[in-house]
Amino acid sequence: MMGAGGQPIIVLSQGTKRESGHHVQIGNITACKTIADVIRTSLGPRAMLKMLMDPMGGIVMTNDGNAILREITVKHPAAKSMIDIARTQDEETGDGTTSVIVLAGEVMSQAQQFLEQKIHPTIIIQAYRAALEEAIKLAEEKYSRAIDVNNDEEIKTVVRSCLGTKMISKWMDLAVDIALNAVKTIRVDKGGVNEIDIKRYCRIEKIPGGTIEDCKVIKGVILNKDVVHAKMRRRIENPRVALLDCNLEYKKGESQTSLEIVREEDISKILEQEEIVIRKQCDEIIALKPDLVFTEKGVSDLAQHFLLKAGITVLRRLKKTDNNRLARVCGARIVNDTCDLREEDIGTAAELFEITKIGDEYYTYVTSSKTTACTVCLRGPSKDVINEVERNLQDALHVVRNVMLNPRLVPGGGALEMALAHALVEKGKSIEGVRQFPYKAVARSLEVIPRTLVQNCGGSTIRQLTALRAKHAQSADNWTWGIDGCSGKIVDMKELGIWDPLSVRIQVLKTAVETSVMLLRIDDIVSGTKKSSGGDGPVKEMPM
Amino acid sequence: LIQMATGAESILALTGRRTTGQSIRSQNVTAAVAIANIVKSSLGPVGLDKMLVDDVGDVIITNDGATILKQLEVEHPAAKVLVELAQLQDEEVGDGTTSVVIVAAELLKLGDELIKNKLHPTTVINGYRLACKEAVKYLQENLSFPVEELGRQSLINAAKTSMSSKIIGPDMDFFSEMVVEATELVKVTDSATGKITYPIKAINVLKAHGKSARESMLIKGYALNCTVACQGMPLQIKDAKIACLDFSLQKAKMHLGISVVVDDPVKLEAIRREEFDIVKRRIEKILAAGANVILTSGGIDDLCLKMFTEAGAMGVRRCKKADLKRIAKATGATLTCSLANLEGEETFDATQLGHADEIVQQRISDDELIIIRGTKARTASSIILRGANDTMLDEMERSVHDSLCVVRRVLESGRLVAGGGAVEAALNVYLEAFATTLSSREQLAVAEFAQALLVIPKTLSANAARDSTDLVAKLRAFHHKAQQNSKLSHLKWAGLDLESGEVRDNKEAGIFEPAMSKVKSIKFATEAAITILRIDDLIKLDKEEPRGGDQCGA
């Protein structure tokens, strides 16, 4: 900035870079398109995996949109926002992360033409929002069908279509059974509301070795632990279980205490005392006659000895989350201090405790047929494969959960998107003014899903897409027609049995459109601003 | 090149640079205008957002003038005054931060022109003061109207006006309803004076990503972003008795550096036990008082959890202290810092408990929240925002906060003005007429003040890609008629319709702003402009260590 007299006037600090206007808008759009292009090939059943290498040399192999983008470091701020939405999608629904990015990229790039024609972004935004609302309404009312959550077959179809795009698709039936079983196990009916907490109660234990066919759902808990003393029992039926989260060893207090010993006999007294304390702890446990004791902390040799003599099996150093799951399996209450142990804290619901050796390591199984916590035991030839199987299974679990919570389905294979696109184009004709064009653009961008499906399986994009468009235009009853992602042909999804949960697809639409709305509103990028020191939110001290 | 500095250098004891007179004034004005130009394009319903990227790459997307300027690293001292001005407006009013900066910069620009024409700065300052006073008076008397005239709808409209420029603009019907309701829920009547206040700070705005903006919700109760301490605890408690604690329920521990020396080994074990027992006794006392929900700002040791679980009580650890204070207020609880009473005994009295109908832990997106419903002492409200990602949520939070401020101002001050440049145009017409009644030099300054106000309608129409000259001329014509002819006084509500690019009755259209916000922004802008215009000398001392190539490039 030049002031009067040619002296430069420094207003902003010199490290600040500022871009504004049209340039920024186009830049944002390009960034979004680039991100979308990265994972475009991971959509659909003919999806390819990406191999990502992090700076540490670790490898991730996946076709999960979120997992891919998480590993990429991007510089452009708009691209960062795009990556964020994959995460949001993952957290909210667990599936559809690739679709959301592909769609958002397309919605953004459709806006470019309007910006070039000098249509004000706010007008584009209004049209986008209107289109989104209409699309959601249509999807909920017209293009979806309800299913019975108790009908396993129907749910299996949905899971199958979700897994169809994943690596695990070769072991489809197995994976579907696992996902369904796991979710059904952890479903708890709480006052008419189904609670399905996958994060807490469904653990995925990965054990390298064996084949993928060996994967299974264990109703109960698997721990990668062995008993503390080799002579303890390794198999107990109907065990009485005590869960502790305290040490069974002598520990000093929290305050700094120091003991000054002057007399010789005191030293033996101290040792004796330690022994007495442990003895007392063990006696308190033994008094309740449990068969099994789990603790989150350590167990001293002395305590092991006492407990072994009482015929009690002990496992130590559990994770808190594992302990919580155990509590749910065996009905015990976690006790912190042995002197607080009561009869009602002992869990009796577990049916079998068993330790088996898999490969090189010992695994503890605590199972019960009535439990509401489960563990999915994954086997596979290598760690990377298991990791990818885990990601696939997570998606499948979420899909089952979503369907159980919101039992409405939409046709997959791009059929929903095509149906919506068709309906929106029709509706767009009745809209007055400039808004009509961006409104229709949303419809056009929805077609990116079927188009990418065709592309990924090497079909003829234009021929198939026009055929599909024609099919939808012929009659409103053809709303289930979409692309068969394997062959690239147009098929009726009813026959192919590809159905997605409504909640996932709607979330895809919402997130994609809302993100583009946010990014389109930007006309200025200032970089190199100061690091926001703490609360950058607007909530400041207000005079009350 | 102008070098004001050289002559003075020898007189100053320290090495430095001195700029005086017109040169510094122009510099200041240029800097101020530069700042205003940055935020200019975010004004109005068709204004756009800024994306701010900081040095580590974190992104903020915002439309809020104060936030933009706060994030910028402004170096020029005069520009800093404007940044502070926006901050002030944000704190005092909460909205209108962009417009105040733009008006101040315009006042400076026009003032500088006058000074260049050899008008003394003090004359300009006096003129501005006078004009500001007149403008505020006229605004309050003629251009504002009470809320009662239009009722609740006017609140909603005021909230909508503030939102229209923000990211939540397309959903303003939905959000305005929410904001107004949230504000009404936190109404507090001071029993002593009967004064009604709306402490919007008590509205807890939480963010959870996922779903869409439309699925944001208002919770009639207090939402707390915490979870119960362990899974054995009940997730729902009806008729809750709440204890708010501001200390940790952890094993008693001596302060650092204190060590206990014992010589009897038996005592060692006794100390260890006592550490346990101190906290256990405390919990027993709290539970004995009937508490079934314990909220603490500190931690809860695992060893204490069982006591709560057995009593069927809910324990929540690491609540924010600000949250606890508000919950204490809403439920009638006392935020307890220590159980010790005056005699040094540890007691917990049932009167310290707060009451609520229901406390429940709810799952939202991937997170869980604790929601307190039906608080007894006061009603509370919380807003949970949903959106595509964090950047968007942050901006939504800022927008909702601005609207809350606006609604509160409207409710508290009870007067509204029409928006969309209506007030500015009316004041412009009025002040110009007023200027002609003055026979002193101030006349010029008052006239320039009037001209400066027009920057708001001008910027609004420019942002909407309309012909600003044409529109503003039309607008002024309407206001002139309204002020000349008492029969046409309804025309004084005329403002801009930026969608269609026409002039319309903005009172009818429901574009409202709180009168107080307008008054404050005129006053603040004038004050800031005066502060900068008064400067005629800038002395910039060099840094201790001499550095070559100073940016002043002389």
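The values are calculated or read from the model by the stated rules, or taken from the named source; none is laboratory data. Fair warning: this is a prediction, and the values are worked out from it, not measured in the lab. Here Cβ is always computed from backbone atoms with ideal geometry, including for glycine, and neighbour counts include all displayed protein chains. All accessible areas refer to the heavy atoms of the entire protein, side chains included, with ligands and DNA or RNA removed. Shrake-Rupley method; radii C 1.70, N 1.55, O 1.52, S 1.80 Å.
See the values below:
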{"item": "Label-reachable residues, region B:179-200, where backbone N falls under 18 Å from a point 7 Å from B:GLU148's Cα toward its Cβ", "result": "B:194-197"}
{"item": "Spread of Cα-to-Cα distances over 10 Å intervals beginning at zero, given as percent, for region A:394-520", "result": "13, 39, 36, 12, 1"}
{"item": "For A:ASP245, distant residues with modelled amide H under 5 Å away", "result": "A:GLU296, A:VAL335, A:ASN336"}
{"item": "Sorted largest first, extent of region B:173-254 alpha carbons per principal axis (Å)", "result": "51, 44, 28"}
{"item": "Calculated FRET efficiency for the pair A:ASP189/A:ILE286, C-beta based, R₀ 45 Å, to 0.05", "result": "0.75"}
{"item": "With 20 Å bins from 0: P(r) over the protein assembly as shown, alpha-carbon pairs, percent", "result": "11, 33, 34, 19, 4, 0"}
{"item": "Angle in degrees between helix B:97-116 and the longest Cα principal axis of chain B, rounded to the nearest 10", "result": "30"}
{"item": "Cα-based equivalent ellipsoid, region B:20-82: semi-axes from gyration tensor eigenvalues, Å", "result": "25, 15, 7"}
{"item": "Average beta-carbon neighbours from other chains, 10 Å sphere, peptide B:169-176", "result": "2"}
{"item": "HN-Hα J in Hz across region B:261-270 - Karplus 6.51, -1.76, 1.60, θ = phi - 60°, x for Gly and Pro", "result": "10, 10, 10, 9, x, 5, 5, 4, 5, 4"}
{"item": "Average other protein chain Cβ within 10 Å of Cβ, residues A:334-346", "result": "3"}
{"item": "Where labels lie 7 Å past Cα in the beta-carbon direction, separation of A:SER369 and A:SER382 in nm", "result": "4.1"}
{"item": "Contact surface B-A: accessible area buried, both sides summed, square angstrom, 1.4 angstrom probe", "result": "9300"}
{"item": "Computed Rg/Rh of region B:131-229, alpha carbon atoms with Kirkwood Rh", "result": "1.07"}
{"item": "Peptides B:411-418, B:192-199, A:226-233 ordered by average Cβ neighbours within 10 Å, highest first", "result": "B:411-418, A:226-233, B:192-199"}
{"item": "Calculated FRET efficiency for the pair A:GLU71/B:ASP537, C-beta based, R₀ 56 Å, to 0.05", "result": "0.50"}
{"item": "Karplus (6.51, -1.76, 1.60) ³J(HN,Hα), θ = phi - 60°, over region B:286-301, in Hz, Gly and Pro reported as x", "result": "5, 5, 5, 6, x, 5, 10, 10, 10, 10, 9, 7, x, x, 10, 5"}
{"item": "Residues of type aspartates and glutamates that B:LYS458 reaches as a straight line, Cα spacing below 14 Å, ignoring anything fewer than 8 places off in the same chain", "result": "B:GLU106, B:GLU424, B:ASP467, B:ASP470, B:ASP497, B:GLU502"}
{"item": "Along principal axes, Cα extents of region A:142-274, largest first, whole Å", "result": "87, 40, 31"}
{"item": "Alpha carbon convex hull of chain A, volume per residue in cubic angstrom", "result": "268"}
{"item": "Length gained when the stretch B:THR347-B:LYS133 is fully extended (0.36 nm per residue, less Cα-Cα span)", "result": "71.2 nm"}
{"item": "Chain B: angle of helix B:21-40 to the longest principal axis, Cα-based, in degrees nearest 10", "result": "60"}
{"item": "Residue-normalised accessible area of the protein assembly as shown, given per residue in Å² at a 1.4 Å probe", "result": "41"}
{"item": "Diffusion constant of region B:415-554 at 4 °C, which comes from Stokes-Einstein with the Kirkwood Cα-pair radius and 1.567 mPa s, µm²/s", "result": "75"}
{"item": "Value of Rg/Rh across region B:200-341 [Cα atoms, Kirkwood radius]", "result": "1.07"}
{"item": "Isotropically averaged projected area of region A:93-165, using the convex hull of Cα atoms (one quarter of hull area), nm²", "result": "6.5"}
{"item": "Separation between Cα centres of region B:229-267 and region A:332-411, rounded to whole Å", "result": "32"}
{"item": "Kirkwood Rh, Cα atoms: Rg over Rh of region A:67-120", "result": "1.07"}
{"item": "As computed over region B:288-403, the Cα convex hull volume per residue (Å³)", "result": "145"}
{"item": "Length released on extending from B:HIS355 to B:ASP58, taking residue separation times 0.36 nm less the Cα-Cα span", "result": "102.8 nm"}
{"item": "C-alpha center-to-center spacing [region A:253-303, region B:131-193] in angstrom", "result": "68"}
{"item": "Stretch gain in nm, segment A:GLU19-A:ASP477, where the contour uses 0.36 nm per residue and the Cα spacing is subtracted", "result": "159.9 nm"}
{"item": "If the convex hull is drawn through the Cα atoms of region B:256-325, its volume per residue in Å³", "result": "118"}
{"item": "Rounded, prolate or oblate (a/c below 1.5 giving rounded, otherwise prolate when a/b exceeds b/c) for region A:52-183 by Cα gyration tensor", "result": "oblate"}
{"item": "Rounded to whole Hz, the Karplus (6.51, -1.76, 1.60) HN-Hα couplings of region A:274-285, x for glycine and proline", "result": "4, 5, 4, 4, 5, 4, 5, 4, 5, 4, 5, 6"}
{"item": "Chain B: Cα Rg divided by the 2.2 N^0.38 Å rule of thumb", "result": "1.22"}
{"item": "Label-point gap, in nm, between B:GLU215 and B:LYS267 - each point 7 angstrom along Cα→Cβ", "result": "6.3"}
{"item": "Estimated 222 nm signal from helices in the protein assembly as shown, with DSSP H stretches of n ≥ 4 weighted -39500 (n - 2.57), rounded to 500", "result": "-15000 deg cm²/dmol"}
{"item": "Projected-area mean, region B:342-458, by convex hull of Cα positions, square nanometres", "result": "16.5"}
{"item": "Formal net charge of residues neighbouring B:GLY299 (Cβ-Cβ distance under 9 Å; K, R +1; D, E -1)", "result": "+1"}
{"item": "Inter-label distance, nm, simple model (7 Å from Cα along the C-beta direction), A:ILE431/B:ASP467", "result": "2.9"}
{"item": "Descending semi-axes in whole angstrom, ellipsoid equivalent of region A:111-216, from the Cα gyration tensor", "result": "40, 21, 15"}
{"item": "Computed E for B:LYS320/B:SER259 - FRET, C-beta separation, R0 25 angstrom, nearest 0.05", "result": "0.15"}
